[in-house]
Structures are given as C-alpha cells and as structure tokens.
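*Asks:* Okay, handing you the structure first.
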Amino acid sequence: MSNGKKRAIARRVAAAPVARAGAVVDETRELLGKSGELKPGKAMVSTAIALSLGVLALLAVAAFHYPEYLTTPQLRAKYSVDVLRQLLLGALLISGGLSLANVILNRQRNLNIGVFAIVMLAVALGGSRVPVGNFPDHTPYIGLDWFILDLLGSTLIFVVIEKLFPLYKGQTIFRFEWQTDMKHFAVNHFIVGLALLVVNFLLHRAFGWLVNSDFQQFVRDIWFVPQLLLCILVADLAQYWTHRAYHEIPFFWRFHSVHHSVKTMDWLAGSRQHMLELITTRVLVLAPLYVLGFSEAVMNAYIIVVGFQAVFNHANVHLPWGPLKYVIVTPDFHHWHHASDDEAIDKNYAAHYAFLDYLFGTAVKSTKKFPEKYGVVGDYMPDGFVRQQLFPFRRTKKPGEA
C-alpha cells in the first residue's frame, strides 16, 4: 500500500469520530426542533425518552457533586437522598437500556450513540453513588434539582392525565411552540433562588410594618382545614385583582400578554410568563399571607395547591365537574380565560375559587361549550423566550407606521 493511500485511510479514520459527533448534533437538533406526533415504528418515542432521562440524569449527577450551588436549600431538608439516588439509578438504567437497544437494532443510531455516551459520562462521574459530604448552606444557587424533579413529576402526572381525559383528543405532546415554553419552564426553575431572594426582600421592606404578632397568632390558632381554605381565599383575592389589573391597565398588559400568547393549551402552557410578572405577582399574592401570618403547615399545603392548579388548569383535560365548576377553577374555566373568542376577553380571572368571578361579574357567559381559539387577539407576540422577555420594552408601532 502506498504512503498516499495510508495517509488517506488515516485521515478518514481520524475524521470518523468528528463526523459521528456532527451527525449526533444534527439529529439532536432535528429531534428537538420538531413539532407534532412522534410516529411509531421509527424509535422516536424511545429515543426521546432516552435522551430526556439521560440529560436529566447527567444534570442530577452534577447536582450531587455541587449541591451548594445547584440545589434549592428549602428542598434539601425535605427529600430523601437515598430515594433520589434510586430515581437517578433508574433513569440511568432506562436511558442506557433504551439507547443501547436502539443502537443494536440500528434505529436512530447516531442519536442513540450520543445518548449512550451521555449515560456513560454520568456513570463515569459517579452516577448514583456520588458522595455528599458537608457543604455551606448560604451560597448563591440555581434550582437545578427543582427543575429536574418538577419536570419528571409534571411529565409523569399531567401527560398521563391529558392522555386519559383529553379535551382535544388529537393534540400531540410535542405541540407547536413547545420548545419556547420548555425554555420558560427551565428558566423559571433555574432563577427560583433569585426570585425568592427578591420576593422576600420586597415583602419584608414593603409590608413588614403591617405585621402584628398577636393577630398572626390568632390566625395560626385556627384549625388546619379552615385556615387553609382561608389562606387560599386571601391569596386568590389578591391574585384576582392583580390579574385583573394586568388585563385592564395597558402597560401591565404588555407583560401579561406574554402568558396569553400561548395558542395551544397543555400542562406546559402555564410556564410561559414574563420574569417581571412572575416576581410581581408573587410579591402581591404572598404579601397578605405574610402579613396575616398563616402557619408553616398551611403555607406548605397552599404551595402544593397553587403548584398543582397552576399546571392542571392549563392542561389539555376535560372532566365532568358538575356543580364544582362554579366553586373551584378547573381547566374548562381557565381555558376560557386564555381564549381569544370575543366573549372570553378579560374574563375568568380567579386562580382557585371560580365563584369570585361570578361574584364580581367577570365570569364568561357563552352558549359555546369550549373556546374556538387561543392566544392574543392579532397574534402579535414573537416566538422565542428572549424575544418574549424583551417584548414589553419595545415600542409598539401605530397603525400606518412603517
């Protein structure tokens, strides 16, 4: 064999890993850029599951290595490390098993080779056996653990509910613009530390002077169930008027319109929010709860309720609610709030108790069973997380302007 042929073979061998890596990146970009149904028979579903679990497992390993910077202090005292290790091991086994099977069967081969490499990297970095020692508890952090756990939990719970009780039966999991809402979901979770810091600072500075220890003790002495119902009512009254202001004051609407720009309703749709609206709403809703001094147990229960309803009420779900639909906010009720049908504009503001809208005259009145379309009227909101965050600060062109 001539030296020229040897050099050519050597170049091809050296270029093979680069070409393979390029193919993995291209196929990953193609998969993540798709919308619509994942067709069976092409291993797209198993590949999507393997990729998702593999990436989350690698992030979890990083969180185990640097808990002081990547995990949420409020959650560290709540969950069991042993349980988390078992969940991480399960994710690694499922992701590794699915990706390896697809490689062997030559299905989405390049992408699954990349997924298997991610799993092997996670294992090489310690996998589920990363030791966790003592670490400082007052460091700046991002809520990576909250993102991982909430994404896993929300996907397992709400995707199943949507498939069992769908409002729109033909709606796919990877619907149009899901990528934008996933970015909102991730950023909202990653900045949880900064958001809580800002919210707590504003609460104590702006409303601390209203705190009365005797009255707070009276509230805390109320039995748990009525105290929780009262807590939700107080929060929802604050939410109602804050929400109504977002709709009826044009400057505030520029921020809130980001949330309303979702054109397909599902469990992920509620994540689309402007960051300033997120912080402002939390301050105004938590302020009366802080001043009234509800017990820690009640506040923990309220956080669970509001977290569930915030996701569930946007979900692609329809159930026979009966008379309850006039009492509590359901997906049917909140879907009308997101509708761009004429009769739905600036209606159904409540987040928990639907009777507030009936009380204040803002409940939707329609002969139609379900809305016809969603999103902002005129569909003027740009797609993409960054552009939506910048939208409220951009000058709106008047009719006739170039």
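The values are calculated or read from the model by the stated rules, or taken from the named source; none is laboratory data. Note that this is a predicted model, so its numbers are computed, not measured. Please note: Cβ atoms are built from the backbone with ideal geometry, for glycine as well, and neighbour counts cover all protein chains shown. SASA here: full protein model, heavy atoms, side chains in, ligands and nucleic acids out. Shrake-Rupley method; radii C 1.70, N 1.55, O 1.52, S 1.80 Å.
*Asks:* Can you find a residue in the stretch 293-300 that is out of contact with any Pro (no Cβ under 6 Å at 6 or more places or on another chain), open to solvent by 30 Å² or more (accessible area, probe 1.4 Å) and touching a residue at least 24 places away in the same chain (Cβ under 8 Å)?
*Replies:* The answer is yes, given that some residue of the stretch 293-300 is out of contact with any Pro (no Cβ under 6 Å at 6 or more places or on another chain), open to solvent by 30 Å² or more (accessible area, probe 1.4 Å) and touching a residue at least 24 places away in the same chain (Cβ under 8 Å).
*Asks:* Collect the residues in the stretch 107-139 that are open to solvent by 40 Å² or more (accessible area, probe 1.4 Å), outside any helix (DSSP H, G or I) and touching a helix residue (DSSP H, G or I) at 6+ places or on another chain (Cβ under 7 Å), keeping them in residue-number order.
*Replies:* Once the filter is applied, which keeps residues that are open to solvent by 40 Å² or more (accessible area, probe 1.4 Å), outside any helix (DSSP H, G or I) and touching a helix residue (DSSP H, G or I) at 6+ places or on another chain (Cβ under 7 Å), the stretch 107-139 yields GLN108, LEU125, VAL132, PHE135, PRO136, ASP137.
*Asks:* Could you tell me which numbered condition TRP223 fails, if it satisfies all but one of (1) crowded, with 17+ Cβ neighbours inside 10 Å; (2) at pLDDT 95 or above?
*Replies:* For TRP223, the exception is condition (1).
*Asks:* OK, next. From HIS247, HIS259, HIS274, HIS243, which residue is open to solvent by 10 Å² or more (accessible area, probe 1.4 Å), modelled with pLDDT of 95 or more, within 15 Å of the chain's Cα centre (by Cα) and not small (Gly, Ala, Ser)?
*Replies:* Step by step, each of HIS247, HIS259, HIS274, HIS243 is checked, and only HIS259 is open to solvent by 10 Å² or more (accessible area, probe 1.4 Å), modelled with pLDDT of 95 or more, within 15 Å of the chain's Cα centre (by Cα) and not small (Gly, Ala, Ser).
*Asks:* Within the set of pairs 6 or more residues apart or between chains, which connect a residue that is under 17 Å from LEU164 (Cβ atoms) inside the stretch 301-317 to a residue that is of a type in the set (A, V, I, L, M) and open to solvent by 10 Å² or more (accessible area, probe 1.4 Å) with Cβ atoms less than 7 Å apart?
*Replies:* If the second residue must be of a type in the set (A, V, I, L, M) and open to solvent by 10 Å² or more (accessible area, probe 1.4 Å), the pairs left are ALA315/ILE161; ASN316/LEU167; VAL317/ILE161; VAL317/LEU167.
*Asks:* Scan the stretch 311-361 residue by residue and report those that are of a type in the set (Gly, Ala, Ser), farther than 19 Å from GLN273 by Cα and buried (at least 23 other Cβ atoms within 10 Å of the Cβ).
*Replies:* ALA354
*Asks:* Consider only pairs whose beta carbons are under 6 Å apart and that are at least six residues apart or on different chains; among these, list those whose first residue lies in the stretch 205-217 and is more than 19 Å from LEU284 (Cβ to Cβ) and whose second residue is surrounded by 10 or more Cβ atoms within 10 Å (Cβ to Cβ) and modelled with pLDDT of 85 or more.
*Replies:* Listed by first residue and then by second, the contacts come to GLN216/GLY293.
*Asks:* Can you pull out the residues in the stretch 365-390 that are touching a strand residue (DSSP E or B) at 6+ places or on another chain (Cβ under 8 Å) and open to solvent by 20 Å² or more (accessible area, probe 1.4 Å)?
*Replies:* GLU372, LYS373, TYR374
*Asks:* Which members of the stretch 185-213 meet the condition of being small (Gly, Ala, Ser), open to solvent by less than 20 Å² (accessible area, probe 1.4 Å) and out of contact with any Phe, Trp or Tyr (no Cβ under 9 Å at 6 or more places or on another chain)?
*Replies:* Matches in the stretch 185-213: ALA195 only.
*Asks:* How many residues are touching a helix residue (DSSP H, G or I) at 6+ places or on another chain (Cβ under 6 Å), among the hydrophobic types (A, V, I, L, M, F, W, C), open to solvent by 30 Å² or more (accessible area, probe 1.4 Å) and touching a residue at least 40 places away in the same chain (Cβ under 8 Å) when one looks only at the stretch 76-99?
*Replies:* 2
*Asks:* While we're looking at this one, here's another question. Could you tell me which residue of the stretch 140-176 is surrounded by the most Cβ atoms within 10 Å (Cβ to Cβ), considering only residues that are assigned to a helix (DSSP H, G or I) and hydroxyl-bearing (Ser, Thr, Tyr)?
*Replies:* SER154
For (1) in a loop (DSSP other than H, G, I, E, B); (2) closer than 23 Å to ARG254 by Cα; (3) of a type in the set (Lys, Arg); (4) touching a helix residue (DSSP H, G or I) at 6+ places or on another chain (Cβ under 9 Å), each residue gets a yes or a no:
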| residue | (1), (2), (3), (4) |
| --- | --- |
| ALA350 | yes, yes, no, yes |
| LEU356 | no, no, no, yes |
| LEU359 | no, no, no, no |
| MET381 | yes, yes, no, yes |
| GLN388 | no, yes, no, yes |
| PHE391 | no, yes, no, yes |
